Amino acid sequence: MNKYIAEAEGFCRDFLPRVKDIDDIEVVICPPFTCLYALKAILEGSDIKLGAQNLFWKENGPYTGEISPSMLADAGCSYVIIGHSERRQIMGESDVIINRKIKAAIEAGLIPILCVGETLQERENNQAMEVVKKQLSKDLEDIFFAGKLLVIAYEPVWAIGTGLNASACDAQEMIKFIRGCLNRMYDEEVADSVRILYGGSVKEENIAEFLAEDDVDGALVGGASLQVDSFARIVRLGQNE
């Protein structure tokens, strides 16, 4: 919940020339709903994609305060974040709700960025893999897709804004585990083609270390994406990996 419309427009106008020569990395910007339509006009003609931070699973109707997948597509979105740790922890979203949202997103032609991850207590209780496996199983229940039409972001909740840091080895271990779960749930082709991102306090100081790992395909960048210089450097560092 950052940036008013004018701030988001200024960010994108400043960001575009800094990454205009980068063509081997997909960059997605996910601003608040209020900024989507304004950024659609600015990003048009560029390789930068637009994404939303959330959606509701119905197309229309008496759901005051919600926004539908088709509304997001109409505003220029190609992607939508679903099941972010803050939605799970603060808003109390269940795996049943997340499952409905993923189905609705795919049906509307949006690519879901599904977030999964464990809390500090779950990790300390040696339940991290069990928790993530359960999330994947319930969130993707009865969902079938081409691998490139889903992105998964591993968010170790315990390493986001807490001062605790996950190592590149921690990320690789869990993301490899996630890929193995997808292989068992679907098949090897799907598991290999789903892009799995790391999303635990990614910064320009550590992005290269994470992207050097075999199974880490990219990053879901939080606070470090709010500053143009920082985010542009992260994208450029990613190009080198």
(request) Express the Stokes-Einstein translational diffusion coefficient of the range 5-239 in µm² s⁻¹, to the nearest whole number, given a Kirkwood radius over alpha-carbon pairs, 20 °C and a viscosity of 1.002 mPa s. (result) 118
(message) From the helices alone, meaning DSSP H stretches of at least four residues, give me the mean residue ellipticity at 222 nm for the chain, per-run term -39500 (n - 2.57), in deg cm²/dmol to the nearest 500.
(response) -12500 deg cm²/dmol
(request) May I ask you to order 117-128, 61-72 by the average number of other C-beta atoms within 10 Å around their residues, highest value first? (result) 117-128, 61-72
(request) Multiply the residue gap between LYS203 and VAL96 by 0.36 nm, knock off their C-alpha separation, and tell me the result in nm, one decimal place. (result) 35.3 nm
(message) Amide H of ILE82 versus every other amide H placed in the peptide plane: which residues, excluding those fewer than 5 positions away on the same chain, fall under 5 Å?
(response) ILE113, LEU114, CYS115
(request) Loop only per DSSP, at most 11 neighbouring Cβ atoms within 10 Å: give me the GluC sites (Glu not before Pro) in the range 1-54, ordered by residue number. (result) GLU44
(message) Can you tell me the length gained on complete extension of the stretch LEU149 to LYS20, counting 0.36 nm per residue apart and subtracting the Cα distance?
(response) 44.0 nm
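Given a Förster distance of 30 angstrom, what is the FRET efficiency for TYR63 paired with VAL228, based on the Cβ-Cβ distance and rounded to 0.05? Numbers along the way, then the final one.
Values: r = 35 Å, r/R0 = 1.17.
The calculated FRET efficiency here is 0.30.
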(request) Go ahead and run the numbers for FRET between ARG195 and SER137, Cβ-Cβ distance against an R0 of 25 Å, rounding to 0.05. (result) 0.80
(request) Any chance you could run the full-extension gain for GLU44 through ASP74? It's 0.36 nm times the residue separation minus the Cα-Cα distance, nm to one decimal. (result) 9.5 nm
(request) Note the count of lysine pairs whose C-alpha atoms are less than 14 angstrom apart in the chain, limited to pairs 8 or more residues apart or on different chains. (result) 7
(request) Using amide H atoms built 1.01 Å from N in the peptide plane, name the residues 5+ places from VAL27, or on other chains, whose amide H lies under 5 Å from its own. (result) LYS49
(request) For the range 82-103 and the range 107-133, write down the distance between their C-alpha centroids in whole Å. (result) 10
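Here, each number is a calculation from the coordinates, and none is a lab measurement. This one's a predicted model, so the numbers in the text were calculated from it and none came from an experiment. Ideal geometry is used to build each Cβ from the backbone, glycine not excepted, and the neighbour counts take in all protein chains shown.
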